[in-house]
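Here's the structure, in C-alpha cells; my notes come after.
What follows draws every value from the coordinates through simple rules; no lab data is involved. This is a predicted model, so every value here is computed, not measured. Glycine gets a Cβ as well: all are built from the backbone with ideal geometry, and neighbour counts include every protein chain shown.
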Amino acid sequence: MKRSLIFAAALAASSLPGIGAQAQNAPVTLTWQMWGAPNDAELWQQLADLVTQQYPDIKVKLQLSGWTDYWTRLPVLAASGEVADIVSMQSMRIPNFYSILTPLDDYVKKSDVKIADFETSIMSGLSRDGKLYALPYDVGPWMVFYNRDKFTAAGLKEPAKDWTFDDFKADAKALTKDGSYGYGTQAFDFIAGPVALGADYFNADNEFDLTNAGFVDAFSKYADLTAKDKLSPVFASAADASAASGRFASGNVAMYIDGPWSLITGQANVNFKIGIAPLPRGTGPSRFLTAGSGWGISATSQHKDAAFKALQVLTGPKAAEILGAAGRALPARLAQQTSWYDGAAKNVAGTRDTLEYMFAHTTPFRINEKWNQFENLVMQYVPLALTGDSKPEGVLSDIQSQLP
C-alpha cells in the first residue's frame, strides 16, 4: 500500500471538523464501507437503521465487501477520492490509513461521547500521533483456545491465568498422542506469543528490531514446539497460516491461539467443550496484545457532521448490545461487554474472568506503516523455521532485511 496514494486523497479535503459538512437540517445519505460475509449484511443493516431511527434525516447506505477485498480496494478508492463517508478501520491498519480519515478529537470534545466508556487499549489502537481517528465497536486480546474434554481425559488441570510457557509446553506434550497434537501453530502466534513472554520486536525509535536477543529467544521457543518437540503440525504457507482453527474444531489439535471474535464460530463447529486461557507468560508478569476495529469519517466526506452523528449511534450502547448478543463482537464499550459474556460466551466457563485479567495486563500494540508488510513476511518465512530448513535467527534476519 503506497502511502503516497493515501495522502493524495487526504489532501483533497480538510480534515477539520465542520469543513465541507452539509447543514444538518437537510436530508443526507451517508455511504458506509464495511467488511463481512454476506450473512453479516442483516446485522450491519440493523445498525444502519438505528441511525435513521434517531436521526430521520440521515440515511446510511451499507457497502459490504469481503475482508481481503476491502483492504485491496481501500487504497484504490482513496487515490480516486471515492472513499465512503464512514470508513471501517482495524487498529492494526491505522498507520497505513489514518491519513484518509478525519481526526475526531474536536468532535468528541463537543459531544456526549466519553472516552472512559471504552476499553483503553483499543482507543489507543485507533489513534495516531495523539489523535483519535475512529470510534471502536469491538476489542479483544489474542488468547489460547483449548479443548476442555481433552484436558480432562489427560488428567490435566485447566490452565491458570498466570500460567507460564513451561506449563503450556508441558500440557502440549501431554496432549500430543494418538496422531493428534497438543498445539496448533499459526502465523500470528510468532508475534503475540513472544510479546506475552516479555519480548519486543521494536526498538526505542519505533522501528522493527527482530534480531534482538530477547525476541529471537522468545520466537525460538514457539518455533521449537513444532520443529524440535513435534507438538504442533506445520502450517506450510501463507494460505495455510490460519488452519489451526480447523484442526482445533476437528479435534486434531488441543490448543490454538485466536481472539474472542472467533469464539461463537468456534462453538458452532465443535462437539466438545471449549475453554479459553491467557497466552503463557515468561519469567516476568503477564502482558498481552489487544486489537479491534471501529469506524471513522473520510477526510473527503462532504457530510462530516452527519457522519459523526451516525458514528455515535453505530458505536453507542444499543448498537454494542446488538453486536455483543449476536456474538459478532466483544464490545469496546465496557458497560456493554456483559451482553457478550451473558449471551455469546455464556457456555464457556471463566470467560469474563480470563478477559478481564488480560485487559488488566495489556501492553501497547506497537505498529508502524510497515506493519502489514511485516505480517505478510511472517506468514511467508515462519514455515522455514518450523520445518527446520532455517534456524529461527536466520528467518528473523531475512525478514528484518526486507524492512529497511
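Where nothing but the Cβ of Lys and Arg (+1) and of Asp and Glu (-1) is charged, how large is the charge dipole of the chain around its Cα centre, in debye to the nearest 20?
340 debye
Which residue, chosen from GLY327, VAL108, PRO95, occupies the Cα position most advanced towards the positive end of the dipole of the chain, where the dipole is computed from +1 (Lys, Arg) and -1 (Asp, Glu) charges on Cβ about the Cα centre?
It is GLY327.
I'd like the antiparallel share, as a percent to the nearest 5, of DSSP beta bridges with both residues in the chain.
Percent antiparallel among DSSP bridges in the chain is about 65.
Using a 7 Å offset from the Cα along the Cα-to-Cβ direction at both ASP217 and GLU158, what is the distance between the two label points in nm, to one decimal?
3.3 nm
Taking the Cα centre of the range 302-404 as the origin and placing charges on Cβ (Lys, Arg +1; Asp, Glu -1), which of VAL313, TYR357, THR338 is farthest toward the positive end of the dipole?
Result: VAL313.
Karplus couplings for the range 308-315 from phi (6.51 cos²θ - 1.76 cosθ + 1.60, θ = phi - 60°), rounded to Hz, Gly and Pro as x?
Taking θ as phi minus 60°, the curve returns 5, 4, 5, 4, 5, 6, 4, 10 Hz for the range 308-315.
Taking 0.36 nm per residue of sequence separation and subtracting the Cα-Cα distance, how much length would be gained by fully extending the chain between ASP149 and ASP129, in nm to one decimal?
Between ASP149 and ASP129, full extension yields an extra 2.6 nm.
Go through LEU377, SER250, LEU396 and say which Cα lies farthest out towards the positive end of the charge dipole of the chain; charges sit on Cβ, +1 for Lys and Arg, -1 for Asp and Glu.
Farthest along the dipole direction, towards plus: SER250.
Could you give me the ³J(HN,Hα) list for the range 386-402, computed from phi with Karplus coefficients 6.51, -1.76, 1.60 and θ = phi - 60°, whole Hz, x at Gly and Pro?
Per residue, the Karplus-derived 3J(HN,Hα) values read 7, 7, x, 5, 9, 7, x, 5, x, 4, 5, 5, 5, 5, 4, 5, 9 Hz.
Would you count, across the range 249-404, every pair of lysines whose alpha carbons are under 28 angstrom apart, provided the pair is eight or more residues apart or spans two chains?
5
Could you give the dipole magnitude of the range 100-230 about its Cα centre, charging the beta-carbon of Lys and Arg +1 and that of Asp and Glu -1, in debye to the nearest 20?
About 400 debye.
Mind putting a number on the dipole of the range 233-350 about its Cα centre? Charges go on the C-beta only, +1 for Lys and Arg and -1 for Asp and Glu, and I need it in Debye to the nearest 20.
180 debye
Straight-line reach from LYS161: which lysines have Cα under 16 Å away, leaving out those fewer than 8 places along the same chain?
Partners within reach: LYS169.
Enumerate the amide H contacts of TYR181 below 5 Å, restricted to partners 5 or more residues apart or on another chain; note that Pro and chain-start residues carry no placed amide H.
Answer set, sorted by chain and number: VAL253, ALA254.
Nearest 0.05, what FRET efficiency do ASN39 and ALA204 give at R0 = 51 Å with Cβ-Cβ as r?
0.65
For the range 298-306, take each phi angle, set θ = phi - 60°, evaluate the Karplus expression 6.51 cos²θ - 1.76 cosθ + 1.60, and give the result in whole Hz per residue in order, putting x for glycine and proline.
Calculated HN-Hα couplings, in order: 4, 5, 9, 4, 9, 10, 5, 5, 5 Hz.
If the cut-off is a Cα-Cα distance under 14 Å, which aspartates and glutamates reach LYS110, setting aside same-chain residues fewer than 8 apart in sequence?
Within the straight-line cut-off, LYS110 pairs with ASP305.
Determine the distance separating the Cα centre of the range 82-113 from the Cα centre of the range 127-168; give it in Å without decimals.
Value for the Cα centre distance between the two parts: 28 Å.
I need the shape label for the range 293-391. Rule: rounded when a/c is under 1.5, else prolate if a/b > b/c, else oblate, with a, b, c from the alpha carbon gyration tensor.
oblate
Where does the charge balance sit around SER286 when Lys and Arg score +1, Asp and Glu -1, over other residues with C-beta under 11 Å from its C-beta?
+2
What residues qualify as long-range amide H neighbours of ASP209, i.e. H under 5 Å apart, gap of 5 or more or another chain, H built at 1.01 Å from N?
Here the answer is PHE202, ASN203, since their amide H atoms fall under 5 Å of that of ASP209.
Using the Cβ atoms and a cut-off under 14 Å, what net charge is assigned to the surroundings of LEU377, where Lys and Arg are +1 and Asp and Glu are -1?
-1
Just to be sure I understand, if you calculate volume of the Cα convex hull per residue in Å³ for this structure, which of (1) 173; (2) 131; (3) 147 do you get?
Answer by label: (2).
Give, as a single signed number, the net charge of other residues whose beta carbon lies under 14 Å from the beta carbon of ALA192, with Lys and Arg counted +1 and Asp and Glu -1.
Around ALA192, the surrounding residues sum to 0.
Per DSSP H run of n ≥ 4, the term is -39500 (n - 2.57); total these for the chain, divide by its residue number, and report the mean residue ellipticity at 222 nm rounded to 500 deg cm²/dmol.
Theoretical 222 nm ellipticity from helices: -11500 deg cm²/dmol.
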